[in-house]
1. Please order B:S86, B:S94 by the number of other Cβ within 10 Å, starting at the fewest.
2. Report the trypsin sites (Lys or Arg not before Pro) located in region B:39-110 that are in a DSSP loop and have at most 15 other Cβ atoms inside 10 Å of their Cβ, or state none.
3. Would you mind giving the mean number of other chain beta-carbons within 10 Å of the Cβ of each residue in A:41-49, as a whole number?
4. What list do you get for B:K36, A:K59, B:K19 if you sort them by fewest beta carbons within 10 Å?
5. Could you line up B:Y51, A:Y28 from fewest to most neighbouring Cβ atoms inside 10 Å?
6. Check which residues have an amide H placed less than 5 Å from B:M46's amide H, if you skip close sequence neighbours.
7. What is the magnitude of the charge dipole of chain B about its Cα centre, with +1 placed on the Cβ of each Lys and Arg, -1 on the Cβ of each Asp and Glu, and no other charges, expressed in debye to the nearest 20?
8. In the neighborhood of B:K38, defined by Cβ-to-Cβ distances under 14 Å, what is the net charge if each Lys or Arg adds +1 and each Asp or Glu adds -1?
Amino acid sequence: SQKIEQNSEALNIQEGKTATLTCNYTNYSPAYLQWYRQDPGRGPVFLLLIRENEKEKRKERLKVTFDTTLKQSLFHITASQPADSATYLCALAAGLGAGNMLTFGGGTRLMVKP
Amino acid sequence: DTEVTQTPKHLVMGMTNKKSLKCEQHMGHRAMYWYKQKAKKPPELMFVYSYEKLSINESVPSRFSPECPNSSLLNLHLHALQPEDSALYLCASSQLRTGTFEQYFGPGTRLTVT
């Protein structure tokens, strides 16, 4: 069966350090992978999308990598700040035909301590 | 305007009540979605509308009835719900033509079934 796993339910780091979150998947051949941020009681907010033919994508302090051989994406936040504390979700869609059908990983709760 | 709005923010209903959740977007998106999210779990897809037509129903019980009156509005009609249906209900929208399919979420309706 298809699975998307984010290997840490919670991650605590010190302000200024780099946070690295992992998303692993099985039995998918995704055309792209997305990362979202969710704050308590609010809807997810889209952060980054990376396509299967892209190795790395950056946006300000965020970096995402995508390894279709390892079936893994890594999400990095450099120079982390307490305001980065939130739950981060990875999401997959199988392909253009199912492009509007996302399945989310379980999420990682990131806590950045001052 | 990149906002998806949802009303009401909170809803408490008895098991015999009939109520509706509303969602609106003015981004010209032609795909709209309903998700259900339980505490500390990721959003789970319920329904997808593409060009105002129901394209995906993820085996949702008939006590949930979606409706898409036009390209900007999405409703979720609720009837004879169970206490286990208490959750955060999220609406989202996305483009269908760009091939990227990132989804824009509303703030959600917190539903409590008593």
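1. If I rank by nearby Cβ atoms, fewest first, I get B:S86, B:S94.
2. Answer by residue number: B:K40, B:R63, B:R97.
3. Averaged over the peptide's residues, the number is 6.
4. Taking fewest neighbouring Cβ atoms as first place, the list is A:K59, B:K19, B:K36.
5. B:Y51, A:Y28
6. Those lying under 5 Å, H to H, from B:M46 are B:W34, B:Y35, B:K36.
7. Details: 13 positive and 10 negative charges, 55 e Å.
Charge dipole of chain B: 260 debye, to the nearest 20.
8. Numbers: positive: B:K36, B:K40, B:K41, B:R110; negative: B:E44, B:E84, B:D85.
For residues surrounding B:K38, the net value is +1.
Every number in this text was worked out from the coordinates using simple rules, so none of it is lab data. Remember, predicted model here, so these are calculated numbers, not experimental data. Cβ coordinates were reconstructed from backbone atoms using ideal geometry, including for glycine residues, and neighbour counts include every protein chain displayed.
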